[in-house]
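Quick notes on the structure that follows.
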Amino acid sequence: VKNAIKSYDLTKELEHLRENVKKEYSFSNIISADGKMQDVFKLVSKVLNNDITVLIHGESGTGKELIARAIHFNGKRKNNPFIVVNCASIPRELLESELFGHEKGSFTGAHQRKIGKFELAGGGTLFLDEVGELEMLLQAKLLRVVQEKEFERVGSAELIRSDVRIISATNIDLRKAVEEKRFREDLFYRLNSFPIYIPPLRNRRGDILVLIQHFLDEFNEKLGKNVKGFSKKALQLIYDYSWPGNIREMENTVERCLIITEENIIDIEDLPQHIRDNENSIRQEYSGQLFSDDNIVPFEKLKEEAIRHALTVTNNNIVEAAKKLQLGRATIYRLMEKYHIENRSER
C-alpha cells in the first residue's frame, strides 16, 4: 500500500511539473505586444503537432531558444526530453562525441561508453543552437540523421535509429555560408524546411516598453526591491537605443539598473554609459518626441495616428503601409478595423 501511495504521489508530482513547464513556455508567457511577433506566433502554431524540421533565424539575444521550447512543450512530444546543444560552445574535437556518443576506447580519454545527445533526446526534441558553426564532417553526419533517421556512435559500427525532432537556430546568414562553401547546401534545405524569422528588438519597438516593465517586475521580486519605474528621460533613452544585444541585453541592463539605484525611480544616471552616450538615437528621425512634459499622447492614439499617416503617404497602399510600420498585413487590417479606419484601397 505504501508503495502504491508513493507511486501515486510521484505520478501526481510529475504531472504537476509537466503542467508548470507547459505554462512557463505557453505563448501567453512570451512577452510581446508587437504585431511582428504575433505573426511569428501564428507561424509557430502551425508546427506544434507535426515533426517538420524547423530553422529559427535571428540575431543573438532575440529569444530563439524560447521559441524552440515553446514549440516542444506545446507540441505532441512535450512529455519527452528537450535537449539543447550549443554548437559554438563545445570544442570541435568533442562535438561529434557530444552529439552521437562514443564507445569505450574509441579515442584517447574515452574510458567508458558515452551516450550522445541524439540518444538522450529520444522521442523528444534536439535543439541545435548556432548550427552554422558545425564543421563539414559533422554536417555530413547530421545530414544522414535528418535523412535516414540513423547514426553510429564514435568507434562503433552499430546503427542506432533516431526518433528525434530537430529544431535548429542560427544568428548568421546560412544562405551566404552556403554560397561561400562553408555550409552544405543539401543540409541547409533539410534544416530550413520551415524557417521562422525572429525580428531584432530595434525592429519591434512596440515591445520595448512592455519588456522593460516585465524585467522591472521580475528583478524587483528577485532582488527584494520596490523600484516603481523609470523617469521619462530614462525611458526616452531606453526607447531610442538600438539594443544590438536584443532582449538579453535589455534583461541584463534592467538588472544592473536595479542593483545600482538607491531610489524608487530609475533615472538617467543609473543607465549604462553607452546608452546615455548613444548617438544612434532614432529621435533624430522624427521632429516630435515620444515623451514630453507638456504633451503626453495616449498610446492607442499614437498607434492610430501612425497607421493613418502611413496610409496617407502610401496613397492607401496597405501592403506598403504595413512595410513602413513594420507590421504584418493581417495585423494592419486588424488595427484598421479596431480604429475604424476606412479601407480606401478597395474602392
Outside the structural domain of Glu251 (by the TED database), closer than 30 Å to Glu249 by Cα and of a type in the set (Phe, Trp, Tyr), is that true of Phe100? no
Is the stretch 272-279 home to any residue that is surrounded by 15 or more Cβ atoms within 10 Å (Cβ to Cβ) and modelled with pLDDT under 80? yes
Quick check, is Ile52 under 20 Å from Leu191 (Cα atoms), in the same structural domain as Ser156 (by the TED database), out of contact with any Leu (no Cβ under 9 Å at 6 or more places or on another chain) and among the β-branched types (Val, Ile, Thr)? yes
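The values are calculated or read from the model by the stated rules, or taken from the named source; none is laboratory data. In this text the structure is predicted, and so the values were computed from the model without any measurement. Here the Cβ is made from the backbone with ideal geometry for all residues, glycine too, and neighbour counts use every protein chain on show.
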